[in-house]
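What follows draws every value from the coordinates through simple rules; no lab data is involved. What you see is a predicted model; the values in this text were computed from it and never measured. We place every Cβ from the backbone using ideal geometry, glycine too, and count neighbours over all the protein chains shown.
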Amino acid sequence: MMRAALASTGSDLRFQRPSFIATPPVNDGARPITQDDEAVRPFLKWVGGKRAILPALSAHAPRAFRRYHEPFVGGGALFFHLSRLGSLPHGAALSDNNERLVRAYKGVRDRVEDVIRHVGSYPHDKTFYLEMRDRPVDSFSDAEVAAWLIYVNRTEYNGLYHVNQQNRFNVPFGDYENPRICDPENLRACSRALSRADIRCEPFDVVAERAERGDFVYFDPPYVPLSSTSSFTSYTASGFGLSHQQKLVAVARSLKARGVHVLLSNSSAPLVRELYKDGFSTHEVRVARSVNSRGDGRGKIVELLMK
Ligand SMILES: C[S@@+](CC[C@H](N)C(=O)[O-])C[C@H]1O[C@@H](n2cnc3c(N)ncnc32)[C@H](O)[C@@H]1O
């Protein structure tokens, strides 16, 4: 399974107002979701991270919704963006099928000071990285899993998440000059943003049982490889093949039929256009990608949003 990313960290004390929970609903149609007024950013760099297309995602998000669901949460770029805007007064349900990632989210939500203490004590050093990479992380606490994942994510090569057949993390050391490994203020901001989130390790289709009329579900699955047509069968580096993509369309369609707001992102492969041609509107966005991307001379590729 290959997962990874592009993103950043950051901090802003303005987010520390005491009343995140009491924030009045601003996504009620009175205010468009474009105002970047609080700094809380993903605490991981994740492949396919959506920071680059946040303006387009915001433009296509519903103006009013109840609970927010993100069943392929990865780095959670849209979740943190909506949190920053105070647009999640009804809470959120975040899930992914990567158990270490999910445990890291729980660690940051529930034990952020422990996470900060651990990450802050890890040196930027190749020998230490190689030792960390091999630690039996699945027997650790959620806070230690979070610290482990943040550390390897910030110091490894290209922000990739790649494990071998034994689920052993095997990305080489990144050798970056001075990576920002620990950002305590942003981690605390992430913890506050996650404080009202239900976080689960589960396959994406479970959202169909949970989402209710008026909720908003954002699906950001592993993308269909760019060259894929209907003759594409199953293999992808992510393990997310044609049958998964077809199931995703079916889940999204049934949610729409029940009055749930749905937004999906995917590549601009011919297969994606075909899968979503009935019952969805499709919108193109141009995005700069540095991982698994095909340049077009200007370093940008076209991705698709469906709703
Ligand atoms: C493209 S990434 C999501 C990126 C994320 N939106 C962000 O902004 O960083 C896709 C995610 O889907 C997860 N995933 C892959 N197959 C899945 C499945 N069958 N069910 C749930 N999650 C899955 C991966 O672990 C990965 O975190």
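Miscellaneous remarks
- Peptides 51-59, 67-75, 280-288, 187-195 ranked from most to least packed, by the mean per-residue count of other Cβ atoms within 10 Å: 67-75, 187-195, 51-59, 280-288.
- Within-12-Å neighbourhood charge of Arg154 [Cβ basis; K, R +1; D, E -1]: 0
- Phi-based couplings in Hz for the stretch 147-153 (Karplus 6.51, -1.76, 1.60; Gly and Pro marked x): 4, 4, 5, 4, 4, 5, 5
- Largest-first principal axis extents of the Cα set of the stretch 70-180 (Å): 45, 31, 25
- Approximating the spin labels as points 7 Å out from Cα along Cα→Cβ, the Phe128-to-Glu284 distance works out to 4.8 nm.
- Karplus-based coupling profile of the stretch 169-182, in residue order and whole Hz: 5, 9, 7, x, 5, x, 6, 7, 4, 8, x, 7, 7, 10, with θ = phi - 60° in 6.51 cos²θ - 1.76 cosθ + 1.60 and x standing for Gly or Pro.
- Violating pairs (Cα-Cα greater than 25 angstrom) within the set Lys45/Lys300; Lys106/Lys247; Lys45/Lys247; Lys50/Lys106; Lys247/Lys307: Lys106/Lys247; Lys45/Lys247
- Amide hydrogen proximity for Ala93: with H placed 1.01 Å from N in the peptide plane, the residues at 5 or more positions away or on another chain lying under 5 Å are Tyr68, His69, Glu70, Asp198.
- Relative contact order %, the stretch 113-172, counting alpha carbon pairs below 8 Å whose residues are six or more apart: 33
- Prolate/oblate/rounded call for the stretch 145-274, Cα gyration tensor, a/c under 1.5 rounded: oblate
- Using C-alpha pairs below 8 Å separated by at least 6 residues, the relative contact order for the stretch 138-275 is 22 percent.
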